[in-house]
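Read-outs: derived from the displayed coordinates by stated rules, not from any lab. Model, not experiment: these values are computed from the prediction. Every residue, glycine as well, gets a Cβ built from its backbone with ideal geometry; the counts of neighbours run over all protein chains shown.
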Amino acid sequence: MVSSETRFAEFADIVGAENVLTTEDDRRRYAHDKLPYANFRARAGALVGTLPGVVLRPGSADEVQRIVRHAAKAGLPVIPYGSGSGVLGGTIPLEGEVMIDMQRMDRITGVDYENALVTVQAGMNGELFEAELNAKGYTVGHLPQSLTISTTGGWAACRGGGQESSRYGKIEDIVVGLKAVLPDGRLLEVRPLPKRATGPSIRDLIVGNEGTLAIITELTLRLWKQPEAEEVMVFALPERAAALGLARRIMQAGLHPRIVRLYDERETASRTEGIAAFAERPVMANIVVCGEPGLVAAEAALVRSFAAEAGAVETETRPFDEWRATRYKSISKLWQDKGYYNDTIEVTVNWSRAAALYEAIEKQVPGIFPEAHFSAHWSHVYPEGVCQYMTIRLPQMPQDEALPLHARLWELLEGETLAHGGSIAHHHGSGLFRGPWMDDELGVGMDLLRAVKQAIDPQNLFNPGKLGLPPRAGSIDPYRDRVDHA
């Protein structure tokens, strides 16, 4: 545990005394992110891990380097913190780590219009970042549901995906260059160039590292002009397979839709009350194309022709308009605040296995708990496959009954995903909670990741215990309140 006033004094010399937070109230605000399991435990006044030992608020990359060097010398583990919007426990301290809050590093430092690039510090709030670009007629195209409460560095650290990823790509497709502090305090720079053939991608080693290998301090991202035109189409389809087939056809035809959102019967019904077309066609697809007016007209015509072949009927756009108006609000939080055990799990799977994956899970959920809610939508689509975004929910009940059921639901959804050849995560990352499945996900690749970790962080000081990597000796067991049904 961090407890030495001398150590705190040395940190104050780096960031200023006003940016060293030591009170219990201050530290408690950093004790967990938005991991649903942590929210469940908080109802009972419990923590999944520990309080951070101290919270530091650096204002520059140089200060981050100095913090890291001092921490390494003192043997103190550290965790980088954006704004706590993650839902997998990636910033939960397990042994009183030093928390490095990046939010003072909150500026756009350069815009290169000729090369269509923008450089931003890692602690800038996503909503403010996008608004500043929009005011100049631009976007980076990364619009996660957490836009208003997340940071640009957090996007990259967790390998996130925005709601328009089918057009602009996930964050790993948008990041062109970066700067990051390594565990020995050196500053790594990946220069923002178009493409390289100089060995494995160092950029991709850092994007998605979740603070276990490096602390991202700056990003250079692709920049796009705001689209001149847009067309919104909402379709009612006869079945899930038809909707999935429509999305596959669109992406494999080489179109670049802004939005593709498909909903299963349960989620469709909750969004389409009063629209007659859905009485006979209970599955909804929302498709939005945008860009130059001529391209928009051509792509919209193709989408409509593909939809007709799939047996779809075009309806009013109200369901999409209502979603867009509230797209950055968390539905999970509404249920959690009412005492339910609501969680979301996003996985990826190839088109050939998507329908089977959904059906396998849907069939087994009632066997875990008959009143458990299961639904899904498909909101990130690519030529080779799709992200299946699933909601699970247990009713109000005692925690000692709910947590084992919650654990079994996670095991079912992640296990079936792997059994169907999919990936256990699309954009939420791995954090703490997905650690038990990382070996099955990466196979021998997990051995490579452990070797890299050991080589550059031999003291295991950078966010230990996350991303399926080992915790430090003496760390608290974050799964102590769950029941292992594996």
Sorted by Cβ neighbour density within 10 Å, fewest at the top, the residues Thr152, Thr212, Thr391:
Thr391, Thr212, Thr152
Run down the lysines and flag those whose C-alpha is under 29 Å from the C-alpha of Lys466, throwing out any fewer than 8 positions away in its chain.
Lys34, Lys73, Lys170, Lys179, Lys329, Lys333, Lys453
Sequence gap at least 6, Cα distance under 8 Å: using those rules, report the relative contact order of segment 331-425 to the nearest whole percent.
40
Quick one: go through segment 300-331 and flag any residue whose amide nitrogen is under 17 Å from the point 7 Å out along the Cα-to-Cβ line of Arg266.
331
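Report, in debye and to the nearest 20, how large the dipole of segment 215-365 comes out about its Cα centre when Lys and Arg carry +1 and Asp and Glu carry -1 on their Cβ.
Working: 19 positive and 22 negative charges, 57 e Å.
Here the size comes out at about 280 debye.
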With eigenvalues of the C-alpha gyration tensor scaled by 5 and rooted, the chain, Å
38, 28, 20
Round to the nearest 0.05 the FRET efficiency obtained for Glu114 and Ser201 when R0 = 22 Å and r is the Cβ-Cβ distance.
0.35
Chain lengthening between Arg472 and Asp62 when straightened (0.36 nm per residue, less Cα-Cα)
144.9 nm
Helix 61-74 axis, angle to the chain major axis (alpha carbon atoms, nearest 10°):
60
Ascending count of other beta-carbon atoms within 10 Å, so fewest first, for His428, His377, His256
His256, His377, His428
